[in-house]
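What follows draws every value from the coordinates through simple rules; no lab data is involved. Note that the structure is predicted; figures quoted are calculated from it, not measured. For neighbour counting, all protein chains shown are included, and Cβ atoms are generated from backbone atoms with ideal geometry for every residue, glycine included.
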Amino acid sequence: AGLEQFVRSLPKAELHLHIEGTLEPELIFELAARNGVALPYASVQALRDAYQFTDLQSFLDLYYAGAGVLLTERDFYDMTMAYLRRARSEGVVHAEIMFDPQTHTARGVAIEAVFAGIARALREMRDTAGMSGCLLMSFLRHLSEQDAVDTLDAALPLRTQYADVWTGIGLDSGERGNPPEKFRRVYARCRELGFRLVAHAGEEGPAAYVQDALDMLHVERIDHGVHSEDDPALTQRLREQRTPLTVCPLSNLKLCVVDSLDKHNLARLLRQGLCITINSDDPAYFGGYLLDNYLASAQALGLSRAELATLAENSLQASFLPAARKQELV
Ligand code: HPA
Ligand code: ZN
């Protein structure tokens, strides 16, 4: 309880969070009933029992199916508010939220409804609770680059309206066989447009994908990046450049990226001086929100209080907040 209170009280940013991955089974059932969507599970418990993953793809199949209950602006608002309230209660002062418009537009949901619902929740928490947040619109890498371009074109007319929250661009979904190179041109365009850039790399994919995300996509942070350690020169570069890695320990455990948490390399990388941050990825599916990720890592890896404080400070430093607000928060 002492350590839990200590971690809760540290001001923290969450930098790697898929909002569709915060949809709890209870809310999936509630939205299914509200929207008249049939679910292939008899109960909340039956759905939760299905959350046993062997790799990234086995999770993605359920995650995209779960998102099928999201139809209206209100659904996106309800989902985002539930996450933000929970995060706030754990001492998250700033959340950078990824969302996958292609998962929704492919089902006939208007991209306007997706932006509007998520942004309404972010603005409400900012105005009523002083918690900040922003959006990283993410492309699905198993789809074509042209599909990403079309998504960007559909979203750009909304940019002015959401200028206070829409900060950047991300890249997620199945990594193997979908290298950064595939999205080189659309990232170049996003860069010219002035978006902040991140991409998943080195989760299931090799260290070379991390290097390519840096050199070909010009991202500022790497989501996951745990396989960077396979390449010593890359690891040294990440340390020297202080490139943040948004590591997600419970996700890595549930998706069998690591066999057990005590074998996770985040503590070793942190102790070598890399800018490591701890994040929750898809907390409704992986059995823990941000606080649980910090505490489980502390327990398995023997992280000291000073190291936990460094991880929290890294999260604020690695965020896309303006320098002045970072200073206020750390
Ligand atoms: N990796 C890739 N795609 C994802 C993830 C992840 O951890 N979570 C949601 N989409
Ligand atoms: Zn992720």
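The stretch between residue 189 and residue 37 holds 51.0 nm of extra length on full extension. This uses 0.36 nm per residue minus the Cα-Cα distance. Starting from the Cα gyration tensor of region 2-329, take the square roots of the eigenvalues, sort them a ≥ b ≥ c, and report rounded, prolate or oblate (rounded when a/c is under 1.5, otherwise prolate if a/b is larger than b/c, else oblate). Because its axes are fairly even, with a/c under 1.5, region 2-329 counts as rounded. Shape verdict for region 278-330, please, from the Cα gyration tensor: rounded (a/c under 1.5), prolate (a/b greater than b/c) or oblate. Because a/c hits 1.5 or more and a/b fails to exceed b/c, region 278-330 counts as oblate. Once C-alpha pairs closer than 8 Å and six or more residues apart are averaged by separation and normalised to the residue number of region 2-329, the relative contact order reads 20 percent.
When you count the other C-beta atoms within 10 angstrom of each residue and take the mean per peptide, 199-206, 157-164, 96-103 line up highest first as 199-206, 96-103, 157-164.
Using the Cα gyration tensor of region 1-125, with a ≥ b ≥ c the square roots of its eigenvalues, what is the shape: rounded (a/c below 1.5), prolate (a/b larger than b/c) or oblate (neither)? Judged from the Cα gyration tensor, region 1-125 comes out oblate (a/c at least 1.5, b/c at or above a/b).
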